[in-house]
Amino acid sequence: MEVVIVPDAKAGGELIAEAVAQLLRRKPDALLGVATGSTPLPVYEALTAKVRAGELDASAARIAQLDEYVGLPAGHPESYRATVLREVVEPLGLGPGSFMGPDGSAEDVQAACAAYDAALASAGGVDLQLLGIGTDGHIGFNEPCSSLASRTRIKTLTEQTIKDNARFFDGDVGQVPRHVITQGIGTILEARHLVLLATGEGKADAVAATVEGPVAAVVPASALQRHPHATVVVDEAAASKLK
Ligand code: F6R
């Protein structure tokens, strides 16, 4: 595992956007796994700036969601499908056919999970998976004590994550869906390159446990230690509890 400490979130975004740009220059139709939430926004902004400046042609890129809420009405602005369309697909000028995600409104959720794992595999696997990290060490929505070998499946969000995500729902915890479909930790580990970005002091404990603690299901992100090509990009605040 490689750990890169950058001064701030903007620098982290630029560093990762450059890694994505290099990948797309080498493999224009690379499959990029994207996370939602606040952390990856500087990456998407820096990538969009490269496309708009004519430094990068991302038009053949393919995008894969990491997770999705279960039970939000189709088209809800906080569904992860709508979020990825708004923050990644549209700014990069990609068509709606260029991205895939789990179906959070499927009647048969289990079948939808298996179908998503199969779709990722038949798309050739994720080339670069961008990850954020929860204050409790989750990746995707693999909450603490998730199996390190897990596949895409339905998970219940912890009270902590519901509280953390309420800011996207007018601060109202009652509006935050309780369930999500998330790529499993085993699924995430199949990506060729994992890039985890963590910014801000609130992530410092989770980062220290991920990077310097034992590989353990109580800290799902610690599974990155087992991946042959994992990069953890942290700003100084998120790095503040590293030894
Ligand atoms: C979102 C996701 C989550 C977030 C994590 C951090 O698709 O997979 O693991 O990355 O909850 O969220 P932020 O970045 O909002 O602090």
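Values in this text are rule-based calculations from the coordinates and carry no lab data. Because the structure is a prediction, the values reported are computed rather than measured. Cβ sites come from the backbone with ideal geometry, for glycine too, and all protein chains shown count toward neighbours.
With 0.36 nm allotted per residue and the present C-alpha distance subtracted, the Ile5-Arg86 stretch has 26.3 nm of extension available.
Can you give me the orientation-averaged projected area of the convex hull built on the Cα atoms of region 104-243, in nm²?
Details: hull surface 34.5 nm².
Over all viewing directions, region 104-243 projects a mean Cα-hull area of 8.6 nm².
Viscosity 1.002 mPa s, temperature 20 °C: give me the Stokes-Einstein translational D for region 44-125 in µm²/s, with Rh taken as the Kirkwood radius over C-alpha pairs. Walk me through the numbers before you get to the answer.
Values: Rh = 13.7 Å.
Stokes-Einstein gives a translational diffusion coefficient of 156 µm²/s.
Sorting the segments 166-178, 38-50 by their mean number of nearby beta carbons within 10 angstrom, highest to lowest, gives 38-50, 166-178. For Pro28, the shell of other residues with beta-carbons less than 15 Å away shows a net charge of +1, using +1 for Lys and Arg and -1 for Asp and Glu. Helices in the chain, meaning DSSP H runs of at least 4 residues, each add -39500 (n - 2.57). Divided by all residues, the mean residue ellipticity at 222 nm is -8500 deg cm²/dmol.
A crude spin-label estimate for the pair Ala74 and Ala49, with each label 7 Å from Cα along the Cβ direction, gives 3.8 nm.
Determine Rg/Rh for region 170-232; Rg is computed over alpha-carbon atoms and Rh is the Kirkwood hydrodynamic estimate from the same atoms.
Numbers: Rg = 13.9 Å, Rh = 13.5 Å.
Computed over Cα atoms, the ratio is 1.03.
With a Förster radius of 25 Å applied to the C-beta separation of Val173 and Ala106, the computed FRET efficiency comes to 0.50. Of the GluC sites (Glu not before Pro) in region 59-114, the ones in a loop by DSSP (not H, G, I, E or B) with at most 11 other beta carbons within 10 Å are Glu107. In a fully extended conformation the segment linking Ala166 and Arg226 would gain 18.4 nm over its present Cα-Cα distance, using 0.36 nm per residue.
Annotation: amide H-H contacts under 5 Å for Met100 (H modelled 1.01 Å from N, sequence separation of 5 or more, or interchain): Ile63, Ala64, Gln65. The distance between label points at Ala149 and Leu242 comes to 3.1 nm (points 7 Å beyond Cα on the Cα→Cβ vector).
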